[in-house]
Amino acid sequence: MRARRRHNRLMKVADHLIRDAAVTSSSGPERVTTAQVACLAFARHQLRIDEEEAADYLAAALVARGYSTDHKPATAV
């Protein structure tokens, strides 16, 4: 249950940033950064996440809203 709550909170953070960028930014939702996701996650929910996890939630939220993630760099394996 705890993992599900954390996941839902992080998805809401990323979704909020994308939705806000779609309305207020001329550059569009694809310009939301992983740093913004990490900062808002901490500000709203006191959750510390790294850049890689922020990138995963950002990509998932972009895809869920029908945006491309082609511009996002692939993570090193």
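In the stretch 29-36, the condition of being part of a loop (DSSP other than H, G, I, E, B) and either surrounded by 15 or more Cβ atoms within 10 Å (Cβ to Cβ) or polar (S, T, N, Q) (or both) is met by at least one residue.
Please work out if residue 18 is surrounded by 16 or more Cβ atoms within 10 Å (Cβ to Cβ), among the β-branched types (Val, Ile, Thr) and outside any helix (DSSP H, G or I). Considered against the rule, which asks whether it is surrounded by 16 or more Cβ atoms within 10 Å (Cβ to Cβ), among the β-branched types (Val, Ile, Thr) and outside any helix (DSSP H, G or I), residue 18 comes out as no. For the stretch 45-63, the tally of residues that are in a helix (DSSP H, G or I) and out of contact with any Pro (no Cβ under 7 Å at 6 or more places or on another chain) stands at 13. Annotation note: Cβ proximity below 6 Å between a residue of the stretch 3-17 that is closer than 15 Å to residue 64 by Cα and without any contact (Cβ under 8 Å) to a residue 60 or more places away in the chain and a residue that is part of a helix (DSSP H, G or I) and among the hydroxyl-bearing types (Ser, Thr, Tyr) (sequence gap 6+ or interchain) occurs for 10/57; 14/57.
Computed from the coordinates by the stated procedures, all read-outs in this text should not be read as laboratory data. A quick note: this is a predicted structure, and the numbers were derived from the prediction, not measured. Backbone-built Cβ (ideal geometry, glycine too); neighbour counts: all protein chains shown.
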